[in-house]
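One structure is given here, and the rest of the page talks about it.
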Amino acid sequence: MNTTSTAPLISIGICVYNSEDTVTRAIQGALEQDYPNFEVIIVDDGSKDNSPEIIQNMIKGHDNARFIQHETNKTFPGALNTVITNAKGEFIAIMG
């Protein structure tokens, strides 16, 4: 990520719940964007599988990625609200 870019910051939100089979591909897709100024916010909504561990390992070394973990499942709207509340970007893109 080029932090000196004049391009507006885009926040990419990923909401996860028991998604250990697909979360790697979603995070890779977000982190591989060629847009020069973005952040990735990943919200785990109380997963009972290995999703949190996978997420934490995948974003190591990516200063533009943040992980937020809900202790209990708040359902998709709750996870989405967490993304929106924590987004710093001028625009928000939700990966679905």
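Listed conditions (1) open to solvent by 40 Å² or more (accessible area, probe 1.4 Å); (2) of a type in the set (V, I, T); (3) not in a helix (DSSP H, G or I) are all met by I42, apart from (1). No other residue among G13, G61 is small (G, A, S) and touching a residue at least 24 places away in the same chain (Cβ under 8 Å) apart from G13. Taking the stated definitions as given, is D49 in a loop (DSSP other than H, G, I, E, B), more than 13 Å from the chain's Cα centre (by Cα) and on the phi < 0 side of the Ramachandran plot? When the stated conditions are applied, D49 passes them.
Of all residues in the range 65-88, those that are open to solvent by less than 20 Å² (accessible area, probe 1.4 Å) and either at pLDDT below 95 or part of a loop (DSSP other than H, G, I, E, B) (or both) total 0. Criterion first (closer than 17 Å to N86 by Cβ, in contact (Cβ under 8 Å) with a residue 40 or more places away in the chain and open to solvent by less than 10 Å² (accessible area, probe 1.4 Å)) does I55 satisfy it? In short, no.
The values are calculated or read from the model by the stated rules, or taken from the named source; none is laboratory data. From a predicted model like this one, the values you see are computed outputs, not experimental measurements. For neighbour counting, all protein chains shown are included, and Cβ atoms are generated from backbone atoms with ideal geometry for every residue, glycine included. Please note that ligands, DNA and RNA were not included when accessible areas were found on the heavy atoms of the full protein model with its side chains. Shrake-Rupley method; radii C 1.70, N 1.55, O 1.52, S 1.80 Å.
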